[in-house]
Structure formats: C-alpha cells, structure tokens
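A.B. asks: Dumping the structure here so I can ask a few things about it.
The values are calculated or read from the model by the stated rules, or taken from the named source; none is laboratory data. As the structure is a prediction and not an experimental result, all values here were calculated from the model. All Cβ positions, glycine included, derive from the backbone under ideal geometry; neighbour counts span all protein chains shown. Ligands, DNA and RNA are excluded from the accessible area calculation, which covers all protein heavy atoms including side chains. Shrake-Rupley method; radii C 1.70, N 1.55, O 1.52, S 1.80 Å.
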Amino acid sequence: MSTHRGRSAAVIVAGLLAGAALGGTPAHAATGTFGPAAPQNPYTAPAGGATTHGDSASAKTFTGAGFAGSAVTVTRSTLLAACPTLLHGRDGALLALCTEYIGQAPSLKLLDKSTGAAVASLSITKGSLLGGVYAYLDDQDRVVIVDGDRDLLRIAHTATTLTVTGRTSLAAAIATGDAVVGVIPAYDGRVWFVTAAGTVGAVTPATGVTATYQLPAGEKVANSVSTVPGRFAVTSDHALYVFDTTTAAPTLRWRYAYDRGPARKPGQLSWGSGATPVFFGPATGYEYVAITDNADPHMNLIVLRTDGAGSPLCVQPLFTSVAASGTENAPVAGGRSVFVTNTYGYDYPALPDDAGESVPADADFDGGVARIDVDAAGTGCATTWSTTTRSAALPRLSVTDGKLYTAVQDGLLNGFYAAAVDAGTGVVSDRALLGYGLVNPLQTAGTAIDRTYYQGTVTGLEVIKPG
C-alpha cells in the first residue's frame, strides 16, 4: 500500500507494543550513509514527492530534515475521504489522491499546506481500484493517472484550480473489465503501466502508440511499479519481473518466482507479495531490487541484482520472534540498508472482491520494524535490528537526519502518534499524538515538505509542523 491500494475503509485496530531494538551493531551510522539515490527521473517531478513511494525507484527516501528534535503542532483536516497518496513537485503545491466516502469515488484534491483543507477538487472516473493509489507527478507538475475509462490523464493545477490538460486512450491495450494498477514513466519519456490482469504496457503519450507484454495466465498484479535507467519492475502474486525499457516493446530481462505461501495472510490485501519492487544500492542507487515474499510462517526479504539473472543474493527471514509475519508494505531502502514493517494481523474489514479467505482467518497485529543490511561485498545480508514498534503507516526515510517517519499505535486507548524512528538504532526518538480511530493512517505513506510532515488518514489529512 503498499501502501497502498485504494484503501478507503476504516481499520479495526489494537494496541501497540513498545519497540526495543534487538541485537546487532548498525552497519551504517544514523545519518549520511543512506545513498546515493537512483538518478532523478527526467520525466517526473523531483524525487521525494513525485510518487506515493517518493520517486520512480520507489525507495521512499527524501532529502531535508523532518520534524524530529522539535515540539510539534498537529492540525487535522477532515476531507470526508481517505487520502492515501500525497504528491508535491517543483512548485511546492500539495496534492492528494483520495477516495470519497460517498460512492467511494476517486478525486484529486489541491490542499492548503498549512491547514490541509481542500482548495480545489476534481472527480475522476471510478475504476476497480477506487481511483488507485499509484499516480505520479510529471516534470511539469501534472498528475498522471489512468482512470476507470482506461484514459491516461494529465491533470494540471494553478493556485486554485485542477484541470485535465491531456488525455490518451489506452482502451485498445487494456481489456474491458481490467484496470491499471500502477503507472510510471521510463527515462525515455514513455509511460509504463501494469493492469490487475497482468498486462504490462509502454505508451508514447504524444502518439498514443502502445506496446504490451502479457504476464503468464493466472497471475495478478496488486502493487505498483518502479523504474530506473533502462529498467522497469513489477511484482505479480507469483513472481518479480524486471523489463528492459530501452527496446521498442517491453522486453523481459528476468523473472524470479518467490515463495507465495499457502494462502493470503491476515494483514494483507492479496495472496502473494505485498511489496512494490524497490530499487536501491550503494554505488548507482539501483544495482539491487528488493521485495518481500509470503513464505509461511515468516516472510523473507529478497534482494536481487537488477542486471543479474534473477538469482537472489539474499533471502532473509524477518520477525521470527513472533509466531508469524507478513507485510502489505513495500520496503524502504537506501545505500545498503532496507527497512521493512510487519503488518501481519492488521485488520482490513474491506477487502478486494477476489482477495479470498486469509489463513488463519484472524490474528493479532504484533507489528514490528526491521533494518536489514546488504554486506559490503554484495554477497549476502543480515538483520541489523528488529523492534516491536507497531507502525500503522508506510515509513519514509530522511537521508538528511537519518530518521524513519511514520505513525505508530500505542497506549491503552490505541492512539495514533506521528513518530520518528532512528534508522541507526530502531529507537522511537520523537512522537506526537494525532488522535484516535478517525485518524487511522491505514498503512499509507506520508510525505515531507520543509520539515512539515503530511499523513493521509481514513478521514483526510494530518499536518505535523515543527513548533
């Protein structure tokens, strides 16, 4: 969800266990070593706010400090919508892709950065994913999304308006009844997309020319997509795929079939990996690609070489101190470090129609956050620390102050708190009360602008400002 897939229903939640770090000496100091990032995609807004995962590599990092180290003020904006995707570009405007309560219709909102109130709102034709979480901002600060009519839209904004300024039909490439899950540009300007039924496509917006590749029959896609120079990655409910983006049509480089387990786990929205693939690395920023699997009872972090043959350099079990683990969130990654949250047992009362029963039918939400480091030789990896912190959001990592920013759940009343987690130790260094049930962040990602952190919730937006 990922962060992440049109999550519009309230979540029934439980308490938060305290997060004490377990073992290991950090392979990196807390700051200054979580890079470099993948090169800036020339066809997106600046990395950090271009996608719900920050950039086209989906690393979920950003430059600049967050609110850690300061007293904060929290402002709640009730938008009568769940707002899982927050975007911002060169002009600093804050935009949110939301799902309205009425009719669960998707809408794009232009928000006041001080209060979180909606300045303008634009309805988007509903698709099967409630409008989708996975839009992006292009190099002209336009929101790019595929709507329920299978049209690729470009939506521009002024200080007070939102306007569709471009429309490319993808109906010839996408079957009736299918829907786009993720969309992202390659570094040559073509827009790549993937549908729920496994159609991978690349379209030239100026001409509408589209080339496609069909994943094997029976494989579905429920997470977003990622690009770096020359490469495109997508995770189906069976395998991770890496494509070559320099060819005229999508060309498969390699496929890695992961352990998808015997069934969907509680705390996940589909049977299989819950992870959008994440590119990262200590040299180019994209020599590795990572996902999590759905192995039973404990998930693994899987790290592969981007330009290898699909053989993993490590398969690392996670959260083995609890009975079972799994995640609906993509990893956070920078340099040689990867951060993963455990969402096993997180209660989604509204599930996709084809989700199927989970096994077991229910489970406690134990939570947990872990850091895993690839060794300097690039031949293996190991868990550096693992905590019991129950993250209720998809974290973002500041490479400037070395903090993971998220929302955690804690206390007898199950309150939600904006939190900063020290990336070097796993210790929660800062936190501020957001509220209770109506501010549930639904395991979605926030974003940071000039030390202010914005977190979408089931009812709207929380604005966390250093005071």
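A.B. asks: Hey, can you tell me all the residues within the range 311-332 that are outside any loop (DSSP other than H, G, I, E, B) and buried (at least 24 other Cβ atoms within 10 Å of the Cβ)? Outline the logic, then answer.
C.D. replies: At the first step, the residues of the range 311-332 found to be outside any loop (DSSP other than H, G, I, E, B) are 312-317, 332.
Correct list: VAL332 only.
A.B. asks: Note down all Cβ pairs under 8 Å where the first residue falls in the range 326-354 and is over 17 Å from THR235 (Cα atoms), the second is in a strand (DSSP E or B) and modelled with pLDDT under 95, and they're at least six residues apart or on different chains.
C.D. replies: Partner pairs satisfying both residue conditions: ASP347/ILE12; PRO349/ILE12; PRO352/ALA222.
A.B. asks: Can you find even one residue in the range 212-220 that is touching a residue at least 40 places away in the same chain (Cβ under 8 Å) and either in a strand (DSSP E or B) or open to solvent by less than 10 Å² (accessible area, probe 1.4 Å) (or both)? Write out each step before concluding.
C.D. replies: Residues of the range 212-220 that are touching a residue at least 40 places away in the same chain (Cβ under 8 Å), as a first pass: 220.
Filter once more, keeping what is either in a strand (DSSP E or B) or open to solvent by less than 10 Å² (accessible area, probe 1.4 Å) (or both): none.
No; the residues of the range 212-220 include none that is touching a residue at least 40 places away in the same chain (Cβ under 8 Å) and either in a strand (DSSP E or B) or open to solvent by less than 10 Å² (accessible area, probe 1.4 Å) (or both).
A.B. asks: In the range 448-467, which residue that is under 18 Å from ALA50 (Cα atoms) and charged (D, E, K, R) is least open to solvent (accessible area, probe 1.4 Å)?
C.D. replies: ARG451
A.B. asks: Okay, moving on. What's the number of the condition GLY189 fails, among (1) on the phi < 0 side of the Ramachandran plot; (2) in contact (Cβ under 8 Å) with a residue 60 or more places away in the chain?
C.D. replies: Failed condition: (1).
A.B. asks: Of the conditions (1) open to solvent by 10 Å² or more (accessible area, probe 1.4 Å); (2) on the phi < 0 side of the Ramachandran plot; (3) part of a loop (DSSP other than H, G, I, E, B), THR389 clears all except one; give me its number.
C.D. replies: (1)
A.B. asks: Would you tally the residues in the range 44-67 being in a loop (DSSP other than H, G, I, E, B), open to solvent by 10 Å² or more (accessible area, probe 1.4 Å) and either charged (D, E, K, R) or closer than 19 Å to LEU97 by Cβ (or both)?
C.D. replies: 3
A.B. asks: Now for a different question. Evaluate the range 113-131: report whether one residue or more is within 27 Å of PHE243 (Cβ to Cβ), open to solvent by 10 Å² or more (accessible area, probe 1.4 Å) and modelled with pLDDT of 95 or more.
C.D. replies: no
A.B. asks: Does TYR405 satisfy the condition of being in contact (Cβ under 8 Å) with a residue 12 or more places away in the chain and surrounded by fewer than 24 Cβ atoms within 10 Å (Cβ to Cβ)?
C.D. replies: Details: in contact (Cβ under 8 Å) with a residue 12 or more places away in the chain: yes; surrounded by fewer than 24 Cβ atoms within 10 Å (Cβ to Cβ): no.
So TYR405 does not fit the description; no.
A.B. asks: Next up: Between GLY182, GLY177, GLY198, which is surrounded by 21 or more Cβ atoms within 10 Å (Cβ to Cβ), of a type outside the set (A, V, I, L, M, F, W, C) and on the phi > 0 side of the Ramachandran plot?
C.D. replies: Working: GLY182 fails: on the phi > 0 side of the Ramachandran plot; GLY177 fails: surrounded by 21 or more Cβ atoms within 10 Å (Cβ to Cβ).
Exactly one residue qualifies, and that residue is GLY198.
A.B. asks: Within the range 68-84, restricting attention to residues that are under 21 Å from THR444 (Cβ atoms) and in a loop (DSSP other than H, G, I, E, B), which residue is modelled with the lowest pLDDT? Show your work before the answer.
C.D. replies: Narrowing the range 68-84 to residues under 21 Å from THR444 (Cβ atoms): 68, 72, 74-84.
Then drop every residue that is not in a loop (DSSP other than H, G, I, E, B), which leaves 68, 79-80.
On the way: ALA68: 97, LEU79: 96, LEU80: 93.
The qualifying residue modelled with the lowest pLDDT is LEU80.
A.B. asks: For the range 392-407, how many residues are at pLDDT 95 or above and not in a strand (DSSP E or B)?
C.D. replies: Taking the range 392-407 as the starting set, the residues that turn out to be at pLDDT 95 or above are 393-407.
Applying the additional criterion that residues be not in a strand (DSSP E or B) yields 393, 395, 399-402.
Here the count works out to 6.
A.B. asks: Something else: Within the set of pairs 6+ apart or on separate chains, which have a first residue in the range 422-443 that is under 13 Å from ALA392 (Cα atoms), a second that is of a type in the set (Asp, Glu), and C-beta atoms under 7 Å apart?
C.D. replies: Between residues of the range 422-443 that are under 13 Å from ALA392 (Cα atoms) and residues that are of a type in the set (Asp, Glu), the close pairs are LEU434/GLU462; VAL439/GLU462; GLN443/GLU328.
A.B. asks: Now a separate question. Which of (1) under 24 Å from TYR454 (Cβ atoms); (2) in contact with a strand residue (DSSP E or B) (Cβ under 9 Å, 6 or more places away or on another chain); (3) at pLDDT below 95 is the odd one out, the single condition TYR346 does not satisfy?
C.D. replies: Condition not satisfied by TYR346: (2).
A.B. asks: Here is a follow-up. Output the residues belonging to the range 149-185 that are more than 26 Å from the chain's Cα centre (by Cα), assigned to a loop (DSSP other than H, G, I, E, B) and closer than 17 Å to THR207 by Cα.
C.D. replies: ALA171, ALA172
A.B. asks: Another question, then. Scan the range 415-423 and tell me whether some residue there is under 21 Å from ALA333 (Cα atoms), surrounded by 24 or more Cβ atoms within 10 Å (Cβ to Cβ) and modelled with pLDDT under 95. Please lay out each step first, then the result.
C.D. replies: Taking the range 415-423 first, the residues under 21 Å from ALA333 (Cα atoms) are 418-423.
In the following step, the residues that additionally are surrounded by 24 or more Cβ atoms within 10 Å (Cβ to Cβ) were identified as 418-421, 423.
Next, from what is left, pick out any that are modelled with pLDDT under 95: none.
Among the residues of the range 415-423, not one is under 21 Å from ALA333 (Cα atoms), surrounded by 24 or more Cβ atoms within 10 Å (Cβ to Cβ) and modelled with pLDDT under 95, which makes the answer no.
A.B. asks: Of all residues in the range 286-295, which are of a type in the set (Asp, Glu) and either over 17 Å from ASN41 (Cα atoms) or free of Cβ contacts under 8 Å to residues at least 12 places away in the same chain (or both)?
C.D. replies: Restricting attention to the range 286-295, the residues satisfying the condition of being of a type in the set (Asp, Glu) are 287, 293.
Once the filter is applied, which keeps residues that are of a type in the set (Asp, Glu) and either over 17 Å from ASN41 (Cα atoms) or free of Cβ contacts under 8 Å to residues at least 12 places away in the same chain (or both), the range 286-295 yields only ASP293.
A.B. asks: Could you list, in sequence order, all residues of the range 424-443 that are modelled with pLDDT under 95, open to solvent by less than 10 Å² (accessible area, probe 1.4 Å) and part of a loop (DSSP other than H, G, I, E, B)?
C.D. replies: The answer is ASN440, PRO441, LEU442, GLN443.
A.B. asks: Here is a further query. Take ALA283 and decide whether it is farther than 20 Å from LYS220 by Cβ and either free of Cβ contacts under 8 Å to residues at least 12 places away in the same chain or part of a loop (DSSP other than H, G, I, E, B) (or both). It would help to see each step written out before you state the result.
C.D. replies: Working: farther than 20 Å from LYS220 by Cβ: yes; either free of Cβ contacts under 8 Å to residues at least 12 places away in the same chain or part of a loop (DSSP other than H, G, I, E, B) (or both): yes.
When the stated conditions are applied, ALA283 passes them.
A.B. asks: Looking at ALA370, ALA361, ALA355, ALA275, which is the one that is at pLDDT below 95 and in contact with a Ser or Thr (Cβ under 7 Å, 6 or more places away or on another chain)?
C.D. replies: Details: ALA370 fails: at pLDDT below 95; ALA361 fails: in contact with a Ser or Thr (Cβ under 7 Å, 6 or more places away or on another chain); ALA275 fails: at pLDDT below 95.
When all the criteria are applied, what remains is ALA355.
A.B. asks: Considering only the range 296-309, state which residues are over 18 Å from ALA382 (Cα atoms) and open to solvent by 10 Å² or more (accessible area, probe 1.4 Å).
C.D. replies: First pass over the range 296-309, keeping only residues over 18 Å from ALA382 (Cα atoms): 296-297, 306-309.
Passing the criteria: ASP296, PRO297, ASP307, GLY308, ALA309.
A.B. asks: State which residue pairs qualify: first residue in a strand (DSSP E or B) and inside the range 357-374, second residue of a type in the set (A, V, I, L, M, F, W, C) and open to solvent by 30 Å² or more (accessible area, probe 1.4 Å) in any location, beta carbons under 8 Å apart, and separation of 6 or more residues or different chains.
C.D. replies: Listed pairs, sorted by first residue: ILE372/ALA382; ASP373/ALA27; ASP373/ALA382.
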